[in-house]
Amino acid sequence: MRRYSLSYLMSRSFKGFSRNGLMSLASVLILTSCMLISGSFGLIIYNLYVNLHSLNELNEIVCMCNYDKLPDEQYAELQTRLTELPNVDSVEFTSREEALQLMREKYAQHPQLLDHFNEENNPFFEVYTITYSGSDQDATNLLFTLRNKNEFPEFRTVSDRIETANTLEKLKNTILWIFGGFMIVLVFISIVIIMNTVRMAIAARREEIEIMRYIGATGWFISFPFMMESFITGLISAVIAFGLQFLTYDYMIRLLTSDASTAGIITIIPFSQVWYWVALGFVVLGFITSYIGAKISLSKYIKV
Amino acid sequence: MIEFKHVTKTYRSATRDTTVIALNDVNLKIDDGEVVFIVGENGSGKTTLMRLLTRMEVPTSGTLLVDGVDLKKIRKRKIPDYRCKIGMDFQDYRLFPKFTVYENVAFAMRVLGKSSKNIRRTVPLVLSMLDISARADHFPPEISGGEQQRTALARALVNNPKILIADEPTANLSPAMSREVMDLLVSLGENGKRTVLVITHDVKLISNYAHKRIIKLERGRIVSDTATEGEEG
């Protein structure tokens, strides 16, 4: 049984990596790009999922009244009719004045947005927010009833979160498909680049390998440094990609939370809650691509 | 014991789309501890013979046995272990220019997974045996051709191989140095514990070793073998 010195083999691997210079750098750059794109897509999808989930959790239907104001007792009567509908749990009425006030509170940091609105030119409508329970079919039936102009001519629009959720679900699936396609192409490119790097490293050390074979080196001893070089490439790429991912994600969060139109609407997962998944994903991606790339080249170009 | 039984080796020439016969129906027996010179012109099949013995190639037909093991049938994972029995000394030395003499020799032991302690103990002994201890810390480009050849020999011998194959060991050396290296090779097989095969085209040089077995190859065939000539005579 041959017992190889791991430190000796590792030192050969690091020497090989640095000796390969430009090609190693190219591999790192390509692999880093691949990871960064994958990570960004992954984070977008995860954020969409979280937002979608919170939307699905709110079994709410929002009914907006016509712009022409009705007498107060008619609004009260309408609320009673809505409460009596099947599967309705609660009905909350918000007057246009309350709506304006709520928006002013929400955008307190940007008062200039709503400053010029008053009672005369209030852009909001009376709104009923209905929460319901029951199956999807019950929700659809309820929606159908509310949208029936004969039954509820007072409503201008009836919107539910289900439709928004469905739209976002479609968006998520589209992104998932694009992401999948990108991933396949990028992983393929990464594998080819690593294959080529290993092939060139083997070519540069052809004589050394030949001598090792004559001396009686096992395939494992010959291949190990090349495999390790690939893993080093994968690991360095993972570290760089992780750093860049943190910076870009952090920048995106700051951008979205500072924008008044999106603040409060979108839930953004802080990086501190997902960093370990991102790190794990990058390391696994680096490991898999470097392993496959190196394995193909080694089995093709190194004979025992 | 090394035994070639009707061994033929052909190569397919990709450029000319023809078959080149490198060895043609070779029959040969070499006993343990023999010192044998294999001579022939370029293209006579000497290097193919060496590559077959080191299991870098397999015969196209026929059987090649080393200590009873058929090299054509040997398992792939057993090949490295088989090669440990053989020490190779190359015409162009094939030393690593960025390794010192010591590191070049130690490398052969590292390849076989020998411990650092063992390496530290064995390498100086081998260097001393080949009289190159003084050059241990020098890099190959800093030493003479003869010293490089000795370093290559030290690397071939450091794992104490049963068979030593020297492929054109004097090709790049002066006549005086050639004689010195050839004497050294012959002496390495003198005790009968190691088989030494010296492959060369320098017929003049080996005339000094007429008492040893000399096999002559021509166009892939054995045309003379002093051992069998003796038997026939």
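The values are calculated or read from the model by the stated rules, or taken from the named source; none is laboratory data. Since the model is a prediction, treat every value here as computed from it, not as a measurement. As a convention, Cβ positions derive from the backbone with ideal geometry for all residues, glycine included, and neighbour counts pool all protein chains shown.
Cβ-Cβ contacts under 7 Å between residues 6 or more apart (or on different chains), taken from a first residue in the range B:78-90 that is within 7 Å of another protein chain (Cβ to nearest Cβ) to a second residue that is part of a strand (DSSP E or B), are listed as B:MET88/B:ILE165.
Please verify whether the range A:135-145 includes one or more residues that are surrounded by 14 or more Cβ atoms within 10 Å (Cβ to Cβ) and either in a loop (DSSP other than H, G, I, E, B) or in contact with a helix residue (DSSP H, G or I) (Cβ under 7 Å, 6 or more places away or on another chain) (or both). So far as the range A:135-145 goes, yes, one or more of its residues are surrounded by 14 or more Cβ atoms within 10 Å (Cβ to Cβ) and either in a loop (DSSP other than H, G, I, E, B) or in contact with a helix residue (DSSP H, G or I) (Cβ under 7 Å, 6 or more places away or on another chain) (or both). I need every pair where a residue in the range B:160-173 that is without any contact (Cβ under 8 Å) to a residue 40 or more places away in the chain has its Cβ under 9 Å from the Cβ of a residue that is in a loop (DSSP other than H, G, I, E, B) and of a type in the set (Asp, Glu), sequence separation at least 6 or different chains. These pairs meet every condition: B:THR170/B:ASP202. Residue pairs whose Cβ atoms lie under 7 Å apart, sitting 6 or more positions apart in sequence or on different chains, and linking a residue in the range A:196-210 that is within 14 Å of another protein chain (Cβ to nearest Cβ) to a partner that is part of a helix (DSSP H, G or I) and not polar (S, T, N, Q), are A:ILE209/A:ILE202; A:ILE209/A:ILE222. Just one residue in the set A:THR157, A:THR167 is assigned to a helix (DSSP H, G or I), surrounded by fewer than 18 Cβ atoms within 10 Å (Cβ to Cβ) and not small (Gly, Ala, Ser); that residue is A:THR167. Screening A:ALA238 on (1) out of contact with any Lys or Arg (no Cβ under 8 Å at 6 or more places or on another chain); (2) within 14 Å of chain B (Cβ to nearest Cβ) shows it passes everything except condition (2).
When the range B:140-188 is limited to residues that are modelled with pLDDT of 90 or more and of a type in the set (Val, Ile, Thr), the one that is nearest to B:ARG121 (Cα to Cα) turns out to be B:VAL158.
One residue stands out among those in the range A:1-28 that are free of Cβ contacts under 8 Å to residues at least 24 places away in the same chain and aliphatic (A, V, I, L, M): the one that is nearest to the other protein chains (Cβ to nearest Cβ), which is A:MET1. Considering B:PRO97, B:PRO140, B:PRO124, which residue is within 11 Å of chain A (Cβ to nearest Cβ) and over 24 Å from B:ILE38 (Cα atoms)? Only one candidate passes the filter, namely B:PRO97.
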